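Everything on this sheet refers to the single structure shown next.
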Amino acid sequence: MPAFMAEPCTAAFVPSNNITVERNGMTWGYQEQITGNESVVFRSFIDLEAGDSDKFVNAWEILKAENILRNKMEESVKAKPDVKLNGTSEFVNVTDIDYLVSEDALGKTEKESLITSSATVSYTFEKQIDQDTNIWFMGTPNSNVTINLPAGFDVERTEGLSNESKESENNYTVLKGSFSPEKNITIWISENETYKAEMQEREKIIAQNAENKTEESKTNETVNKIAENKTIENKTNEIVNKNEIVEKTGKAVEARKVSEYIKNFYTWFCQIVQKVNLV
């Protein structure tokens, strides 16, 4: 079995590392390039361990090999932690590992050609990084590395980072270089106080705006209720007015009926009197 199976990502197989650190965790991305006779050994491994030993690597065998490599890598990282926070791995947890082998591995096992594969390991920190934090990484000697820091963090000093260079843009700091022959890198970082103050002020403004929005909503709700009550009041007055009109109309009609009754009675009475006089 190739050496990289016992200890994943040895020097011959990992030309680059890309590390992204966040306040609550990080991801470590690896890229491997296997060439020459080592590519023959790698294809033979896939054919023997994940295939049918027919000296030909197919797509299904690559998928099975990815699972084997993923499990081997997980065993290796758990047995020998490669990340420490403030000198201990106690608060660093591996949450996910992904391993991909490119289609370059397809074909006859004796073929000597470039095979590219990649792996990504995700970690969480039980304690959020803050002021005066140091992070230790164990990688492959002489392999290239890029370390992306969280927004607002500055690098105080480093150890084990060869050919070091630093770039800063939009409050993000990026370290570049390579692992030293001792294969360990330690970086000391601290939170930029100006950036921290700006973020606190921003959070304060967001909280105030949210509070103002809540008060505005309450005010609008009160205004709507007043308008609703006013509408109900207007409708009530309208009903009352209609009732008054109906009542007045009814009284007028009744008055007219009484007046007509009296008039009819008077006419009838006069007719009776005339008849008596004639008699």
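The values are calculated or read from the model by the stated rules, or taken from the named source; none is laboratory data. The shown structure was predicted, so the numbers you read here are calculated from the model rather than taken from an experiment. Glycine also receives a Cβ, built like all others from the backbone with ideal geometry; neighbour counts cover every protein chain displayed. Accessible surface areas use protein heavy atoms only, side chains included; no ligands, DNA or RNA. Shrake-Rupley method; radii C 1.70, N 1.55, O 1.52, S 1.80 Å.
What the Cβ-Cβ distance of ASN67 and ASN24 gives, at R0 = 22 Å and to the nearest 0.05, is a FRET efficiency of 0.20.
Spacing of the modelled spin labels on THR120 and LYS235, each 7 Å from Cα toward Cβ, amounts to 5.8 nm. Shown are ILE205, ILE226, whose ranking by accessible area with a 1.4 Å probe and every protein chain present, most to least, is ILE226, ILE205.
Amide H contacts of VAL145 (H built 1.01 Å from N, in plane; Pro and chain starts excluded): ASN17, GLY177, SER178, PHE179 sit under 5 Å, all sequence-distant by 5 or more or on other chains. Solvent-accessible area of TYR123, all protein chains in place: 10 Å² (probe radius 1.4 Å, heavy atoms, ligands and nucleic acids excluded).
Using r as the Cβ-Cβ distance of GLU49 and GLN131, and R0 as 51 Å, what FRET efficiency do you calculate, to the nearest 0.05? The computed FRET efficiency comes out at 0.60.
Computed extension length for ALA59-SER180: 39.9 nm, one decimal, from 0.36 nm per residue of separation with the Cα-Cα distance subtracted. Of the whole protein surface, VAL40 contributes about 30 Å² of accessible area at a 1.4 Å probe radius. Straight-line cross-link partners of LYS84 among the aspartates and glutamates, defined as a Cα under 13 Å from its Cα and at least 8 positions apart when in the same chain: GLU126.
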